[in-house]
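Asks: Quick one: this structure, given as C-alpha cells, is what I'll be asking you about.
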Amino acid sequence: MGTTLELAKRVVETNLEGIPKEAVERAKELLLDFVGACVSGSQTFPGKTMCKYVRDMEAKAEATVIGCKLMTVAPYAAFANATLCHCNEMENVGMRGSFAALHLLAVAIALSERLGVSGKELLESYVLGHEVQGRVSLACLPASSKRIAPFKYGFLGCAAVAGKIMKLDADGVAMAIAMAASQAGGLAPTPGTMSHYFDFRSAARSGIEAAILVKEGITARKDILEGEHCFLDEMVGSGDYDLEPMTADWGKNFQCTAVSIKKYPACYLSHRPLDNLLDLMEQNNITYEDIESVQLDTGLLPMQWLRFDEPTSIDEARFSFKHVLGTAILKNEVWLDSFTEAALKDPKLKEAYKKVNVKVHPEWPTGRAALGTTVTIKLKNGKVISRESGEIREPTREETLKNYRRLTQPLLSPVQQERSLELMLNMEKLKDISELMSIVGLRS
C-alpha cells in the first residue's frame, strides 16, 4: 500500500478512543484559542474586509463566520475563519513540522456545523488531519527550510479533516488529499502586510471543496504524495524527503501536542525575548525609568521575519523587535492595544525605540531550530542583567482561558464567555456544536 493510501486508511480507522487524553485536551485548548482569536480578529480592518467579502456572496447559510453575525457555505466559512484567527497575530504556531492548527480547525468547525456532527467527531477529525499535515511536513523538514512554505502542507491536512468528517473511505480520503494537493500554494515572505493574515485561507476552503467533490463521485489519484512528479517531487524535490516517517509509529506522538498557543499578538519569534525581558523586569523590580538600554542578540532567522526597524503600520509593528520590546519596557505588557494607530504615534513609544538595540549575528546557526536570542538590560545605575532564551514558555490553561476572555470581551457577555468555554472544554460530550456557534457567531 502506498504512503498516501496508508495515511488515509489510518485517518479512517482511528477514532477518539484511540487518541491519548493529552492530545484531546490540547485539541480543546487549541479550539478555544482559535475561537477567541476569530472573535477578536473579526473587529480588525482585514477581518471586517473578509466578512464583507463573504457576506456579499449571499450564499447558502450553513456554517458560521465567527464574530460576524453571518452564515455562509462551509468552504467559505472556513475560508473566512482561517483568516479571522490570524488578523490580530494571535494564531497558534507549530515550529517543527506540525505547524499551525488554525486552518484545520476552521475546516472541522465549518463542516461539523454544516453536517450536524458531534463534538467528538469534530475533535477526532482535527487531531487526525493534523497528523497528516504534521507527519508529511516532518518527513520533509530538512528541505522545508529551503523550498516549501508551511501553508502548502495545510492543504493535505485540511482535506484529511474534511474526509474524516464526511465519512469517506480510505480511497476517498486519499483522493480528497490529492485534489487539495493540486491547489496547494502560499508564500512565506508576507509578514508586515495585511495579506499575511490570509495565508491559510485557501487551504481551509480547498480541503472542504475536495472532500465534497470526491463524495459526489469525482476521482483523483491515490498516490499523490509518493507518485513520480507528484506533490513531494514537485514541492520538495526528489530525494529530499523520506516516506517512512510519514506512517511509522502512528499513535505514539500526536502532532497537535507540539503546537504552541501565543501569549502576545506579535510574531512568534519575538515571544522568547519578550518572555525573558518581562521576566527580568519583574524579578528585579525594574521600571522603564530604570532602563538605559536593552540589547537583543539574535541570529539571522528571526530577523528575516522581525525586519521592520521603524514600523510605519500596525502590520509592520507586529514584526518589529523595536516595537514589541519597546512596548514591553514602556508598558510592562504587550497586548492588542500595543498595535493601534494611537500606539504607533505615541511619542513615549518612539523614545522607547531608542533604548532598544538589535545586534544580528550572521555567524550563529541558521535554520528553523536556530531561534536562540539573548536579552541584556543595562540600568542607569550601571548594573547589567542578561539572559539567554530557552524553550518557549507555554501559557497555562488558566492563562489561555484568561486570554480567551480578554479577546472576546468586547463582543461576548460574561455569561456567553463562560458558556462557550464550558461547551468547548466538554466538546467530546456535545451532540452537535449549534449552541456554541450561535454564541460565537453573535446570533444568541
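Asks: Compute the angle between helix 74-84 and the longest alpha-carbon principal axis of the chain, please, reported from 0 to 90 degrees and rounded to the nearest 10.
Replies: The angle comes out at about 10 degrees.
Asks: Any aspartates and glutamates with Cα under 16 Å of the LYS21 Cα? List them, leaving off those in the same chain fewer than 8 positions away.
Replies: Those aspartates and glutamates meeting the cut-off are GLU29, GLU121, GLU124, GLU131, GLU428.
Asks: Percent antiparallel among DSSP beta bridges with both residues in the chain, to the nearest 5? Don't skip to the end; give the middle numbers.
Replies: Numbers: 17 of 22 bridges.
In the chain, approximately 75 percent of DSSP beta bridges are antiparallel ones.
Asks: Quick check: pseudo-label points 7 Å beyond the Cα along Cα→Cβ at LYS431 and GLU289, how many nm apart are they?
Replies: If labels sit at LYS431 and GLU289, their model points lie 6.2 nm apart.
Asks: Let me ask you something else. Can you compute the modelled spin-label distance between LYS167 and GLU13, with each label point 7 Å from Cα toward Cβ, in nm?
Replies: If labels sit at LYS167 and GLU13, their model points lie 2.0 nm apart.
Asks: While we're looking at this one, here's another question. Restricting attention to segment 217-310, which trypsin sites (Lys or Arg not before Pro) occupy a DSSP loop and are surrounded by at most 13 other Cβ atoms within 10 Å?
Replies: LYS252
Asks: Checking the a/c ratio against 1.5 first, then a/b against b/c, what shape does the Cα gyration tensor give for segment 268-388?
Replies: Verdict is oblate for segment 268-388.
Asks: Got a sec? Which residues in segment 248-275 would a label at GLU25 touch, if it sits 7 Å along Cα→Cβ and we count backbone N under 16 Å?
Replies: Residues passing the 16 Å test: 254, 256-259, 261.
Asks: If you don't mind, there's one more thing I want to ask. With a 10 Å Cβ neighbour count serving as the proxy for reagent exposure, in which order, fewest first, do ILE261, ILE208 appear? Walk me through the numbers on the way to the answer.
Replies: Numbers: ILE261 23, ILE208 31.
If I rank by nearby Cβ atoms, fewest first, I get ILE261, ILE208.
Asks: When a/c reaches 1.5 or more, the comparison of a/b and b/c decides; with that in mind, is segment 332-444 rounded, prolate or oblate per its Cα gyration tensor?
Replies: prolate
Asks: I need the shape label for segment 286-344. Rule: rounded when a/c is under 1.5, else prolate if a/b > b/c, else oblate, with a, b, c from the alpha carbon gyration tensor.
Replies: Oblate is the answer for segment 286-344, as a/c is 1.5 or above yet b/c matches or exceeds a/b.
Asks: Follow-up. Rounded to a whole number of µm²/s, how large is the Stokes-Einstein D of the chain at 20 °C and 1.002 mPa s, given Rh as the Kirkwood radius over C-alpha pairs?
Replies: Rounded to a whole number, D works out at 97 µm²/s.
Asks: By how many degrees, 0 to 90 and rounded to 10, does the Cα axis of helix 21-41 deviate from the longest principal axis of the chain?
Replies: 70 degrees
Asks: Here's another thing I want to ask about it. How high is the relative contact order of segment 316-444? Use alpha-carbon pairs under 8 Å, at least six apart in sequence, and give a whole percent. Walk me through the numbers before you get to the answer.
Replies: Numbers: 71 pairs, mean separation 17.1, N = 129.
Rounded, it is 13 percent for segment 316-444.
Asks: By how many degrees, 0 to 90 and rounded to 10, does the Cα axis of helix 170-181 deviate from the longest principal axis of the chain?
Replies: So the inclination is approximately 50 degrees.
Asks: Do any of LYS252/LYS402; LYS69/LYS252; LYS167/LYS262; LYS28/LYS350; LYS120/LYS263 go past 29 Å between their Cα atoms, and which?
Replies: Check vs 29 Å cut-off fails for LYS252/LYS402; LYS69/LYS252; LYS167/LYS262; LYS28/LYS350.
Asks: What nm value, rounded to one decimal, do you get for the distance between LYS345 and GLU333 when each label is placed 7 Å out toward the C-beta?
Replies: Label at LYS345, label at GLU333, 2.3 nm between them.
Where a number appears in this text, it was derived from the coordinates with a stated rule and is not lab data. These figures come from a predicted structure and were not determined experimentally. Note: ideal-geometry Cβ built from the backbone for every residue, glycine included; neighbour counts use all protein chains shown.
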